[in-house]
2 protein chains.
Amino acid sequence: MIDLTVVKIGGNVIDNPEELNEFLDAFSNLSGKIVLVHGGGKLASDLSGKLGVKTKMIDGRRITDAENLKLVSMVFAGLINKNIVAALQARGVNALGLCGADLDLIRAEKRPVDEVDYGFVGDITNVNTLALCKQIECNSVLAIAPITHDGQGQLLNTNADTVATEVAVALSRFYKVKLIYSFEKLGVLMSAEDESSVIPVLSKEKCSDMVTAGKINTGMLPKTQNAFYALAKGVEEVYIGNFVSMEKHQSSGTQVINS
Amino acid sequence: MIDLTVVKIGGNVIDNPEELNEFLDAFSNLSGKIVLVHGGGKLASDLSGKLGVKTKMIDGRRITDAENLKLVSMVFAGLINKNIVAALQARGVNALGLCGADLDLIRAEKRPVDEVDYGFVGDITNVNTLALCKQIECNSVLAIAPITHDGQGQLLNTNADTVATEVAVALSRFYKVKLIYSFEKLGVLMSAEDESSVIPVLSKEKCSDMVTAGKINTGMLPKTQNAFYALAKGVEEVYIGNFVSMEKHQSSGTQVINS
């Protein structure tokens, strides 16, 4: 099978023009098939502040009312996505910016209201693998914004880590997929305060020990859960780390392994 | 050559949910190859008002400073584009939302500052016809937002009529293209106040007579200029009218002819 890399970047990179440029430089040096999934960051929150739209978060997940949905659709699928695409084009990368509604790529259902009403948040029900593959085989580098749709005309806001995970899983049917959750730290840290305490290899057992010891924080927990899920579903390799440092061979990040 | 229809819709349709639905119903009934180009409308102005970003217009063209560029990138390429795509998907249409930066589809150069500084406004220099055709041949219905790029990473704001025109011209190398500029009126009117005075066929001569008589207003003038340019450059048929009425056979719009 052909290699394919899925890279997920979050707000920390997007919010900082210098870091974003550094990331895009490193990213455009990748060879082979590539998919980028980007999150949002402060831009949406800043704008919501200016517009008087309140941002509510529960467990690191944004509560998305109608006004917030408009906002994230604009900022994620418009402003951020198209600026990333233009910046990649400037680096000679044939980028194509997409959201889950395009080509019916990622369908989701509005999360049922249980104890919490997350609003217009979508849980992924289907990834259109063939449509994704067709674009990838046309040598396009896909830049995916974490906006999905329900097939009935409703856009939905979906967690970007989850989008990256499900896209990686879907593509692992046809490619040997390497999935990198890139974030500001060099990897999963043994001790949150010590940047040099990166765990090189994180097994399920080790992770569960760390959870018990309270060493995996609420931001990292869903990331590790996504990582183990991806591996269980056929993704070949999963890393949590800093993409730029990894590309510069300054660090190897944390490889998550399913054992 | 295979038939292809390029439909351009403007703000009047986008601003009104009912009209937009009616348009999308009619649009999704079209058979064959289709490209939709949409403008912006009041959404961007409304938002700019809320954000305290000033909108300046000269000759019906928006002056685009850095803040306005952010705004139109968000609203046109994000909010409007993705909602149209989701709405088309709900109607069983395999829509793909794009802007000019995607796949390097539409390059532009920042308009040189002469008497007026239009800001981040892009004049189209190249349409990537092959990339467009590839997507069209994959049976995607393209929905194009009028945001272009300069190839150096800069997004630019381009008039939607111009985008529709240049896309239609580019595609006329490979398809028999019908171009429809859809707007709120039933066609070019002989008398602005009389909705029933639609001119069925508008020749160059007739148009120039009307311009001389002051009967073509400043909003219509660039549309007719675009229409004649499109015909001169190989587009097969050009109409100015109301797409929904035309599809319902309630009116035929104004056919612009190059003679």
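Quick note: the coordinates plus some simple rules give every number you see, no bench work behind them. Being a predicted model, the structure only gives us computed values, none of them experimental. Because the Cβ atoms are built from the backbone with ideal geometry, glycine has one as well, and the counts that use them run over all protein chains shown.
Using the Cβ atoms and a cut-off under 11 Å, what net charge is assigned to the surroundings of A:C207, where Lys and Arg are +1 and Asp and Glu are -1?
Local charge sum for A:C207: +2.
Which order do B:Y239, B:Y181 fall in if you start with the one that has the fewest other Cβ atoms within 10 Å?
B:Y239, B:Y181
So who's got an amide H within less than 5 Å of the one on B:A143, skipping anything under 5 residues away but keeping other chains? H placed 1.01 Å off N, in plane.
Hits under the 5 Å cutoff: B:L36, B:L96, B:G97, B:L98.
Once a ≥ b ≥ c are taken as the square roots of the eigenvalues of the Cα gyration tensor of segment B:202-255, is the result rounded (a/c under 1.5), prolate (a/b larger than b/c) or oblate (a/b not larger than b/c)?
Because a/c hits 1.5 or more and a/b fails to exceed b/c, segment B:202-255 counts as oblate.
Hey, got the average number of other protein chain Cβ atoms within 10 angstrom for residues in B:142-153?
Mean number of neighbouring Cβ atoms from other chains: 3.
Taking θ as phi - 60°, what are the ³J(HN,Hα) couplings along segment B:142-155 by the Karplus curve (6.51, -1.76, 1.60), each to the nearest whole Hz, with x for Gly and Pro?
Listing the rounded values in order: 7, 10, 10, 8, x, 10, 10, 8, 9, x, 10, x, 9, 6 Hz.
Shape call for chain B from the C-alpha gyration tensor, a ≥ b ≥ c root eigenvalues: rounded (a/c under 1.5), prolate (a/b greater than b/c) or oblate?
Because its axes are fairly even, with a/c under 1.5, chain B counts as rounded.
Given a cut-off of under 8 Å on Cα pairs at least six residues apart, what relative contact order in percent is computed for chain A?
21 percent
Please list, in chain and number order, the residues 5+ apart from B:Y239 or on another chain whose amide H is under 5 Å from its amide H, with Hs placed from the backbone.
Close amide H contacts, sequence-distant or interchain: B:L179, B:I180, B:Y181, B:V256.
If contacts are Cα pairs under 8 angstrom and at least 6 residues apart, what is the relative contact order of segment B:209-259 in percent?
31 percent
Round to the nearest 0.05 the FRET efficiency obtained for B:S191 and B:E237 when R0 = 25 Å and r is the Cβ-Cβ distance.
FRET efficiency, B:S191 to B:E237: 0.50.
Is any residue of segment A:27-44 close enough, with backbone N under 19 Å, to a label point placed 7 angstrom from the Cα of A:M1 along the Cα-Cβ axis, and if so, which?
In segment A:27-44, the label zone of A:M1 (backbone N under 19 Å from the point 7 Å along Cα→Cβ) covers A:31-37.
Can you list residues from other chains, or at least 5 along the same chain, whose modelled amide H is less than 5 Å from the amide H of B:D3?
B:K176
Using the Karplus curve 6.51 cos²θ - 1.76 cosθ + 1.60 with θ = phi - 60°, work out ³J(HN,Hα) for each residue of segment A:240-247 in order, rounded to whole Hz, and write x for Gly and Pro.
Each residue's phi maps through the Karplus curve to give 10, x, 10, 4, 4, 4, 5, 5 Hz.
Who wins for biggest fluctuation among A:E237, A:E115, A:E247 in a Gaussian network model of chain A, springs between alpha carbons below 10 Å?
A:E115
Would you mind telling me which residue in A:V116, A:V75, A:V85 has the biggest mean-square fluctuation in a Gaussian network model of chain A, where springs connect alpha carbons within a distance under 10 angstrom?
Ranking A:V116, A:V75, A:V85 by mean-square fluctuation puts A:V116 first.
If you take every residue apart from A:M190 with its C-beta less than 13 Å away from the C-beta of A:M190, what net charge results, scoring Lys and Arg +1 and Asp and Glu -1?
After counting each charged neighbour, the total is -1.
Please give the average number of partner chain Cβ atoms lying within 10 Å of the Cβ of each residue in B:125-134, rounded to a whole number.
Taking the mean over all residues of the peptide, I get 1.
What's the exposure ranking of B:Y229, B:Y175, going from fewest to most Cβ atoms within 10 Å?
Fewest-to-most ranking of B:Y229, B:Y175: B:Y229, B:Y175.
Taking a label point 7 Å from Cα toward Cβ, how far is A:N217 from its twins in the other copies, in nm, shortest first?
5.8
Is segment B:1-49 best put as rounded, prolate or oblate by its Cα gyration tensor, with a ≥ b ≥ c the root eigenvalues, rounded for a/c under 1.5, and otherwise prolate when a/b is larger than b/c, oblate when not?
Taking the square roots of the gyration eigenvalues as a ≥ b ≥ c, segment B:1-49 is oblate.
Between A:A44, A:A145, A:A164, find the one with the highest GNM mean-square fluctuation for chain A; connect C-alpha pairs within less than 10 Å.
A:A44
Arrange B:S31, A:S208 by Cβ neighbour counts within 10 Å, fewest through most, would you?
Listed from fewest to most nearby Cβ atoms, that is B:S31, A:S208.
With an 8 Å Cα cut-off and a minimum separation of 6 or more residues, compute the relative contact order for segment A:40-102 in percent.
27 percent
Sorted from shortest, what are the nm distances separating the label point of B:N258 from equivalent points in the other copies, each placed 7 Å from Cα along Cα to C-beta?
Inter-copy label distances (nm, one decimal, shortest first): 5.9.
Between A:K215 and B:N126, what is the label-to-label distance in nm when each label sits 7 Å out along the Cα-to-Cβ direction?
5.3 nm
Per-residue mean of other chain beta-carbon atoms within 10 angstrom of the beta-carbon, peptide A:103-111?
Per residue, the average neighbour count from other chains is 3.
Take peptides B:1-8, B:125-132, A:147-154 and line them up by average Cβ neighbours within 10 Å, highest first, as a rough protection proxy.
Top to bottom by mean Cβ count within 10 Å: A:147-154, B:1-8, B:125-132.
Quick check on the protein assembly as shown: what are the equivalent-ellipsoid semi-axes from the Cα gyration tensor, as sqrt(5λ), descending, whole Å?
Semi-axis lengths for the protein assembly as shown are 45, 22, 21 Å.
Cross-link candidates for B:K54: which lysines have Cα within less than 28 Å, leaving aside residues fewer than 8 places away along the same chain?
Those lysines meeting the cut-off are A:K42, A:K50, A:K54, A:K70, A:K82, B:K8, B:K42, B:K70, B:K82, B:K110, B:K223.
What is the local net charge at B:F228, summed over the other residues whose Cβ is closer than 12 Å to its Cβ (Lys, Arg +1; Asp, Glu -1)?
+3
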